[in-house]
Amino acid sequence: MTADPAQPGDLLHLGFWMLTSGGHVGSWRHPATQLDRLMTIDHYIETARLAARGKFDMVFFEDTLAVRERNGGVLGEVAINSLDPLVQIAALAGATSDIGLAASFSTTYHSPRVLADKFATIDQLSGGRTGWNMVTSGAASGRNFGNGDHPEHAVRYSMAHETADAVRALWASGPRSPQVQPVLIQAGMSQWGLDFASTYGEAIFAAFRDIEGGRAFRTNLRTMATEKGRSPDAVKILPGFMPFIGSTSAEVADKRAFYRELIRPNMVRGILSERFNFDFMDYDLDQPFPLDDILDGLEDRPMITSDRGRFVKEIQPGDTIATYAERMASKVSGHLTCEGGPEEIADFMQAWLQGGACDGFIMQALQIPVELELFVDQVVPVLQKRGLHRRDYAGSTLRGHLGLEAPR
Amino acid sequence: MILGLRLDGLGDGAVLAEQAAFDFVLLGDPTSGVEGPVGADPLSVAAFLMTTTNRIGLVACIADDWAPFNVARAVGSFDLLSGGRCGWMPLSTGDAARSEEHLDVVLKLFDSWEDDALVFDKAAAVFADRTKVHRIRHSGAFFTVDGPLNAPRPPQGWPVLIQPLAAAGEFADIVLAGVDDLDRMSREQVPTAIRLAEITYDLGADTAERGAALAERMSLAYLEGRCDGFVLAPANAGADIPLLIDQVMPNLRARGLAALSYAEGDFRTRLGLARPANQFDGVVGP
């Protein structure tokens, strides 16, 4: 099966990932970040309007159902990204007019009735602009829902199938919005995830190492969708992406150094403590990575036992805590990154689109609003000039922006 | 007097209610979230009204078959994002003991972050003081919830809590009863909460006459101290809300019983309610 490269004239589909202060873990310490506004709706309205100025298809909210923790308490060194995403998109529906409003919400911890009701309501209020990212939720959520045993992977996906069917049936029984039903979004690249995505997913939030990996995934998923009687174009693949925009290599290097400086040693210690469920707070970052200390007594920290092999693999001979942490940070949580001036960023995006490796991106900005504004003012015009991005919205539904047909 | 307006569906009428300086709108009814068609979730409608109005209090009915963690996060997020305009009215979907425990868990989760837990110290790279964020470690007959909530304490401490008279407990800020139940809502029976009576009204015919009678009935009950205000429920939202505002509100204002504009402060403050203390104040560590 050959790859299915985008036809000339195909547009990029862009989602903007709404995190409180930005995609960089140190963004909350950025001088331009106004911390007292981070939890006010005005902050999100301004960000969504900025994304709408850049003609993004949608803004996108993640969802978590537990605090991030280290050593038995909250991870106090990082910003919160966990306000209720449906309250946020409902509020944004009243303050924006064209841009799509997508939110993650758990299939494990909400009933079909609740999910159907909330999304159907916001879809009407917004004139057909909503998308639901169907997530099954992480293991840490269980203890907030009376479930010491968070359901295992296969069970969560079987619940997700049942929930998705039930939600769609409830939607079909209710009032129709201008886009008929919310767009179904899905992330997760396991075998269960792929089966779910090819059955229900209309936009797939993915993480790829390289363009070949993207192309193989996209080809496979389009084939799987076809086998299930769907059009291959009914599934849009949107990898996560965060650009480092700088006109010269010196500017990029300065920006990298600036953001690296935003991560203080206590933040590194805190995040590593969370990752390994181990207390790093008194360790010197320049000392050798304390792998033996971590593995010692691992059986008493059941949360991470299953990750043992992965953790051990990540640590390289000669690593200090600092070199390990730096290498982890540069992976930007598995999502794509590129650097350069506006033309180079556009080249990267174009290569992925026209290489058949994606249909667009879900983009993070290092900091909100500074780096989003830079993208909107400098990169978006280049994409528009190349005919890769809309100059204005052609419609006012998310389904329309994404080029998706209404469900039958 | 304190005045609320009940809205149904997608909340049409909220802008008019705000122009008329109603204290709050109340979204949803006893069937919300339990039965009835999908597509009119009161909390989502109230959240939408957060940006289409500016000052008016926004109260949503929330069925308690939604897990307490979800309820606390949604209501708390709403209060944070709106700067303290949120109220909520839990609707019981099970037995009374379960509903009571559900509310207890939600209030604990609101309190799981102390008021000054967010320190925002850029220089020291400390976003939150982890010694002021607490697990609630709730384990009861119906719910087991560890916490903490993944959102800081709402600006009102606890968003304004409305309960129906039949289910009102010690934490109710507002108790709501039918207008025919005023005799069961004396100050002896409801010692501290704000007592509101709900009146369903229809001004579709004999408008002037019915409007005057409604204003008279409201002012009499209020001046006799039988309640502290009303929730007005239009029989027909499209027609009855504008008629209420044109025909009844001027009458109440002329009697000095209805406000012309909003006072300063969040919803709780404007209702004259104290901000609840945090039950975890003084607890050290998670």
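The values are calculated or read from the model by the stated rules, or taken from the named source; none is laboratory data. None of the values given here were measured: they were computed from a predicted structure. All Cβ positions, even for glycine, are placed from backbone atoms using ideal geometry, and neighbour counts span all protein chains on display. Keep in mind that these areas ignore ligands, DNA and RNA; they rest on the heavy atoms of the full protein, side chains included. Shrake-Rupley method; radii C 1.70, N 1.55, O 1.52, S 1.80 Å.
Under a cut-off of 22 Å between alpha-carbon atoms, report the lysines in cross-link reach of A:K313, not counting same-chain residues fewer than 8 places apart.
A:K331
Rounded to the nearest Å, what's the spacing between the alpha carbon centres of the stretch A:182-256 and the stretch A:73-151? Just the number, please.
Each part reduced to its Cα centre gives a spacing of 21 Å.
What whole-number distance in Å separates the alpha-carbon centres of the stretch B:56-71 and the stretch B:238-253?
One Cα centre to the other: 29 Å.
Once label points are set 7 Å from the Cα along Cα→Cβ at both B:D202 and A:E152, what is their separation, rounded to one decimal in nm?
Each label point is offset 7 Å from its Cα along the Cβ direction, giving 6.1 nm.
Which percent, nearest 5, of DSSP beta bridges in the protein assembly as shown are antiparallel? Present the calculation step by step, with values, prior to reporting the outcome.
Numbers: 9 of 78 bridges.
DSSP beta bridges in the protein assembly as shown are roughly 10 percent antiparallel.
Got the relative contact order for the stretch B:140-286 handy, in percent, Cα pairs under 8 Å and 6 or more residues apart?
Details: 152 pairs, mean separation 31.7, N = 147.
Relative contact order for the stretch B:140-286 comes out at 22 percent.
With the Cα gyration tensor of the stretch A:342-388 giving a ≥ b ≥ c as the square roots of its eigenvalues, does the rule (a/c under 1.5 for rounded; else a/b larger than b/c for prolate; else oblate) give rounded, prolate or oblate? Could you put the intermediate results ahead of the total?
Details: a/c = 2.51, a/b = 1.50, b/c = 1.67.
Oblate, since a/c reaches 1.5 and b/c is not below a/b.
For the residue pair B:A97 and A:A169, what label-to-label distance in nm results when each label sits 7 Å from Cα along the Cα-to-beta-carbon direction?
So the two model labels end up 3.4 nm from each other.
Using a Förster distance of 30 angstrom, determine the FRET efficiency expected from the C-beta separation of B:A166 and B:R255, and round it to 0.05.
Details: r = 31 Å, r/R0 = 1.03.
For R0 = 30 Å, the calculated efficiency reads 0.45.
Within the stretch B:34-64, whose backbone N sits under 18 Å from a point 7 Å along Cα→Cβ of B:D181?
The answer is B:60-64, whose backbone nitrogens lie closer than 18 Å to the label point.
May I ask you to give the solvent-accessible area per residue for the protein assembly as shown, in square angstrom, as obtained with a 1.4 angstrom probe? All intermediate terms of the calculation are to be shown ahead of the outcome.
On the way: 26680 Å² over 694 residues.
That works out to 38 Å² per residue.
Between the helical axis of B:68-82 and the dominant principal axis of chain B, each derived from Cα atoms, what acute angle in degrees is found, rounded to the nearest 10?
Once rounded, one gets 70 degrees.
Let's see if you can work this out: charge +1 on each Lys and Arg Cβ, -1 on each Asp and Glu Cβ, no other charges. What is the dipole magnitude of the stretch B:1-134 about its Cα centre, in debye to the nearest 20? Walk me through the numbers on the way to the answer.
Working: 9 positive and 20 negative charges, 84 e Å.
Value, rounded to 20: 400 debye.
At 7 Å along Cα-to-Cβ for each site, give me the label-to-label distance between A:R386 and A:T337 in nm.
2.1 nm
Could you sort out which of A:K236/A:K385; A:K55/A:K228; A:K55/A:K236; A:K118/A:K236 sit more than 26 Å apart by Cα distance in this structure? It would help to have the intermediate numbers written out before the result.
Details: A:K236/A:K385 23 Å; A:K55/A:K228 32 Å; A:K55/A:K236 18 Å; A:K118/A:K236 24 Å.
Result: A:K55/A:K228 exceed 26 Å.
Please give the contour-minus-distance gain from A:D210 to A:D282: 0.36 nm per residue of separation, less the Cα-Cα distance, rounded to one decimal in nm.
Numbers: separation 72, 0.36 × 72 = 25.92 nm, distance 3.75 nm.
Once the chain is fully extended between A:D210 and A:D282, it gains 22.2 nm.
Quick check on chain A: of the DSSP beta bridges with both residues there, what percent are antiparallel, nearest 5%?
Working: 4 of 39 bridges.
The answer is about 10 percent antiparallel.
Give the long-range amide H neighbours of B:V119: residues separated by 5 or more places, or on another chain, with amide H under 5 Å away, using H modelled in the peptide plane at 1.01 Å from N.
Those lying under 5 Å, H to H, from B:V119 are B:A128, B:D129.
At 1.4 Å probe size, with the rest of the protein present, what percent of the exposed accessible area of chain A is carbon and sulfur atoms?
Numbers: 8080 of 15830 Å².
Ligands and nucleic acids excluded, carbon and sulfur give 51 percent.
Report, as an integer, the average count of C-beta atoms from other chains found within 10 Å of each Cβ along A:35-44. Before the final figure, lay out the partial values.
On the way: counts 6, 2, 0, 4, 9, 5, 9, 3, 1, 2.
Mean inter-chain Cβ contacts per residue within 10 Å come to 4.
What is the distance in Å between the Cα centroid of the stretch B:78-102 and that of the stretch A:348-388?
Centre-to-centre (Cα) distance: 42 Å.
In straight Cα distance, which aspartates and glutamates are under 17 Å from A:K255, not counting same-chain residues fewer than 8 positions off?
Qualifying aspartates and glutamates at Cα under 17 Å: A:E326, A:E339, A:E344, A:E371, A:E373.
Please give the total accessible area that chains A and B bury against each other, computed with a 1.4 Å probe and expressed in Å² to the nearest 100.
Details: alone 18070 and 13300 Å², together 26680 Å².
Summed over both sides, the interface buries about 4700 Å².
Positive end of the dipole of the stretch A:343-408, charges at C-beta (+1 Lys, Arg; -1 Asp, Glu), about the Cα centre: which of A:H389, A:L404, A:G355 has its Cα farthest in that direction?
Of the options given, the answer is A:L404.
Kirkwood Rh, Cα Rg: Rg to Rh for the protein assembly as shown? Can you show the working numbers first?
Values: Rg = 26.4 Å, Rh = 26.8 Å.
Taking Rg over the Kirkwood Rh, I get 0.99.
Answer with one residue from A:S273, B:V71, A:S21: the one whose Cα lies farthest towards the positive end of the charge dipole of the protein assembly as shown, charges on Cβ with Lys, Arg +1 and Asp, Glu -1.
Going by the Cα projections, it comes out as A:S21.
Have a look at the stretch A:98-125 and report residues whose accessible surface goes down by 50 Å² or more when the remaining protein chains are included, against the chain on its own, probe 1.4 Å, ligands and DNA/RNA excluded.
Buried on complex formation: A:R113, A:D117, A:K118, A:T121, A:L125.
What does the C-alpha gyration tensor say about the overall shape of the stretch A:190-286? Classify as rounded when a/c is under 1.5, otherwise prolate if a/b is larger than b/c, or oblate.
Details: a/c = 4.11, a/b = 1.81, b/c = 2.27.
Oblate is the answer for the stretch A:190-286, as a/c is 1.5 or above yet b/c matches or exceeds a/b.
Which one of A:M189, A:I315, A:F258 is farthest out on the positive end of the charge dipole of chain A, using unit charges on Cβ (Lys, Arg +1; Asp, Glu -1) and the Cα centre as origin?
A:M189
Is there a quick way to get the dipole size of the protein assembly as shown? I mean about its Cα centre, with the Cβ of Lys and Arg at +1 and of Asp and Glu at -1; what is the value in debye to the nearest 20? Before the final figure, lay out the partial values.
Numbers: 62 positive and 90 negative charges, 225 e Å.
With only Lys, Arg, Asp and Glu charged at Cβ, the dipole is about 1080 debye.
List the residues of the stretch B:134-155 for which accessible area in the full set of protein chains is at least 30 Å² lower than for the chain on its own; 1.4 Å probe, protein heavy atoms only.
B:R135, B:T144, B:D146, B:P148, B:N150
In whole percent, what relative contact order does the stretch B:115-206 give with Cα contacts below 8 Å and a gap of six or more residues?
On the way: 96 pairs, mean separation 14.6, N = 92.
Computed over the stretch B:115-206, the figure is 16 percent.
Working from Cα positions, state the angle (0 to 90°, nearest 10) between the long axis of helix B:42-52 and the longest principal axis of chain B.
80 degrees
List every residue whose amide H lies under 5 Å from the amide H of B:G178, counting only residues 5 or more places away in sequence or on a different chain, with H placed 1.01 Å from N in the peptide plane.
Sorted by chain and number, the residues that satisfy this are B:E198.
Can you give the FRET efficiency to the nearest 0.05 for A:N266 and B:D246, using r as the Cβ-Cβ distance and R₀ = 51 Å? Please list the in-between numbers first.
Numbers: r = 61 Å, r/R0 = 1.20.
The formula returns an efficiency of 0.25 here.
In what sequence, largest accessible area first, do A:K313, A:K236 appear using a 1.4 Å probe? Kindly include the intermediate steps, with their values, before the conclusion.
Details: A:K313 165, A:K236 25 Å².
The residues order as A:K313, A:K236, largest area first.
By a straight-distance test (C-alpha under 24 Å), which lysines pair with B:K132 as possible cross-link partners, with residues fewer than eight away in the same chain excluded?
Excluding near neighbours in sequence, the set is B:K108, B:K122.
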